[in-house]
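The values are calculated or read from the model by the stated rules, or taken from the named source; none is laboratory data. Just so it is clear, the model here is predicted, and its values are computed rather than measured. Note that each Cβ is placed from the backbone with ideal geometry, even for glycine, and that neighbours are counted across all protein chains shown. With ligands, DNA and RNA removed, areas are computed over all heavy atoms of the protein, side chains included. Shrake-Rupley method; radii C 1.70, N 1.55, O 1.52, S 1.80 Å.
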Amino acid sequence: MIVQYENIIIKTISRILIPFIQIYALYVIMHGHYSPGGGFQGGVILGASFILLVLAFGAEASQKRISLKKLTVLASLGLLIFSGIGLVALLMGGNYLDYGKLPLPLESIPKIRAMGILGIEIGVGIGVMAIMITIFLAIASYETEGKND
Amino acid sequence: MAEHFPILVVIIPIMASFIILLLWRTKHRYEWHITTAATFLSFLISLSLLNTVFLSGPIRYWLGGWEPPWGIEYVVDSFSGYVLVVVTLVSFVTSVFAAKSVKKEAGEGRTVSFFALYSLLAGGLYGIIVTGDLFNLYVFLEISSLAGYALVGVGKKKRAIVASYNYLILGTIGATLYLIGVGQLYIMTGTLNMADLSQKLPAIFESKVIIAAFALFIVGLSIKMALFPFHAWLPDAHGLAPSVISPILSACVIEVAAYAMMRVMFTVYTPAFVFKVVPAKEVFLLGGGVAMLVGSYLTLAQTDIKRMLAYSSVGQMGYIILGLSFANHTGLVGSIVHIFSHAILKASLFLVAGSLIYKTGITEISRLKGMGKKMPLSMATFTIGALGMIGIPLTTGFISEWKLALGALEAGKWFIVPVILLSALLNAVYFGRVIEIVWFKTDEEEGHGHKEIGKHEKTSIDEAPLSLVLPPFILVSLSIIFGIGAFIPVTLAEKAASMLLGMP
């Protein structure tokens, strides 16, 4: 288990950095479908920001913000968003993952497609972020595995 | 809705897996119900798909509406429809069995993650079968394998973790070799779609890259299907996995790898390449024949019932590969029927071993004395399953071996027929030993046997619960039904073989 290490510099710097890392992660996720980036990359950056939080403040202190319980929900939710968007397209009469058929109030099909891909990227981003943190926490808290469950 | 069946069969179990995880921390978990419902739905869908394919030809489904070769295409033809029905059937029946067994073996706290992984494994396997895209196949291969590695590690014995780790390393090597092969084909042709590749490849058959890619595919998938020289991971992984996972690994996972190999051989590379350009016939003849004999021989030495069944799978994979080496229709029919036959029989045998472990905790064959009296229905199921594996007439095991022998004669390889017979004989020896101990050895030596078997010795019949007895019984009955009504699997397999060999 990672415990808190008293160092004012590390704490202050990470407190300043974390919001910026997260905003950058959101930027990467949002722009994935027409510039370099995407759900996976953005999700990893978002996950890294939380890992920094755990490293700087210890796993116990960060439990309030990110617990394994929440992460499990987030991981499956992200993947459900992905497969759910595909399923909605299927129910609206298109093929699976045919974004053009999504019931969105937009004027043209290319715009609907762009939104559809954005939805997929968000789902992937949430899933990847949750899994990255889960892997980190699982390795970091190996000895105390029993307590978390 | 029916036109979406090829994707639904894959996406239902995968989404079920996410839903199970989502409900983890809530009061209403229903993990087993969701898994069983998902696999059952997939089974019904696959039956409908096979029916459609049989009546009106292959179904092609474009993911996202993108036309192949640019988009990913799912194809259900007479071969994939056939294998899909077999795999969905076995995974459904096994998940029925899982209700009681998993609680006992994995522990209450781990059932949710177990069933989430189980659904994922099932979805991955269905995906490998329906996909018409080489890279998509790799993705599903990894989905199913990763779920499989984790599930092997759930096994009760400590060594299960080591087995899982070995399986992880070797499975990853196999998948990597496969991926390198995909990369080479992509560089040479610029496409990943199987149908498109089979159009573009004949022009560059002689290219060294194409031949190397073929070798990588064959070796990579041979590791995945545990063909003889690459079988080292299988006995540990299949023998030490939880009772519910062993049947899936032995009956579905390695069969699906065999399916993928046949797909690559006949759909991507055409029979013209496999039988004329490269010496695949000779390699498969040697590999299959040696796997049959060595696999069966190694099985003889096993004292643990699950390990014995696991080793037997090594030999049975040899049959499937042997059928490919004859380069004729009959041999291929034998291979395809054997996929069906081995899947249902091996699954039922492993399930009986599972209910044995559930009831008594015994895995050593020598301690099974008098079990025939205690668990008559389970042991009867085991006996019929064993007879099927040996290849006694009236079971599906006989049809496939008969077709293989006919194929060998047709190809002029008469010397293979004694090898098939010898392997069947070895099968008879190692299954016969178990049958003898179970039915004919009673606990004459009072005290000694009693102490070992357990406390509930006084009761004469002490059968496992119905939900554990029925699943293997259903599979064994199917083996007999289709062993007598042999025309059903044979007609389907003949259609699949004609399609693979490109015959009208």
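I'd like the full set of residues that are open to solvent by 20 Å² or more (accessible area, probe 1.4 Å), within 12 Å of chain B (Cβ to nearest Cβ) and part of a helix (DSSP H, G or I), limited to segment A:85-100. Those that are open to solvent by 20 Å² or more (accessible area, probe 1.4 Å), within 12 Å of chain B (Cβ to nearest Cβ) and part of a helix (DSSP H, G or I): A:Ile85, A:Leu87, A:Leu91, A:Tyr99. Tell me whether segment A:60-75 contains one or more residues that are within 11 Å of chain B (Cβ to nearest Cβ), among the small types (Gly, Ala, Ser) and touching a Ser or Thr at 6+ places or on another chain (Cβ under 7 Å). Yes, segment A:60-75 has at least one match. The helices (runs of 4 or more DSSP H) located wholly in segment B:204-253 that include 3 or more residues which are over 12 Å from the mean Cα position of the chain (by Cα) occupy B:208-225, B:234-240.
Restricting attention to segment B:2-43, the residues that are at positive phi and hydrophobic (A, V, I, L, M, F, W, C) add up to 0.
Only one of the numbered conditions (1) among the acidic types (Asp, Glu); (2) within 30 Å of B:Val294 (Cβ to Cβ); (3) at pLDDT below 75 is violated by B:Glu446, and that is (2).
When each of B:Glu401, B:Glu410 is tested for being open to solvent by 60 Å² or more (accessible area, probe 1.4 Å), in contact (Cβ under 8 Å) with a residue 24 or more places away in the chain and touching a helix residue (DSSP H, G or I) at 6+ places or on another chain (Cβ under 8 Å), the lone residue that passes is B:Glu410.
When the residues of segment B:48-74 are filtered to those that are within 14 Å of chain A (Cβ to nearest Cβ) and assigned to a helix (DSSP H, G or I), the one that is nearest to B:Ala98 (Cα to Cα) is B:Leu63. Taken over segment B:35-47, the residue count meeting the criterion of being open to solvent by 40 Å² or more (accessible area, probe 1.4 Å) and either within 12 Å of chain A (Cβ to nearest Cβ) or over 21 Å from A:Ile85 (Cα atoms) (or both) is 4.
Taking the conditions (1) open to solvent by less than 70 Å² (accessible area, probe 1.4 Å); (2) hydroxyl-bearing (Ser, Thr, Tyr); (3) assigned to a helix (DSSP H, G or I) in turn, A:Tyr24 satisfies each one other than (1). When B:Met292, B:Met308, B:Met317 are screened for being part of a helix (DSSP H, G or I) and under 21 Å from B:Tyr82 (Cα atoms), only B:Met317 passes. Inspection of segment B:77-100 identifies no residue that is within 14 Å of chain A (Cβ to nearest Cβ) and touching a Pro at 6+ places or on another chain (Cβ under 9 Å).
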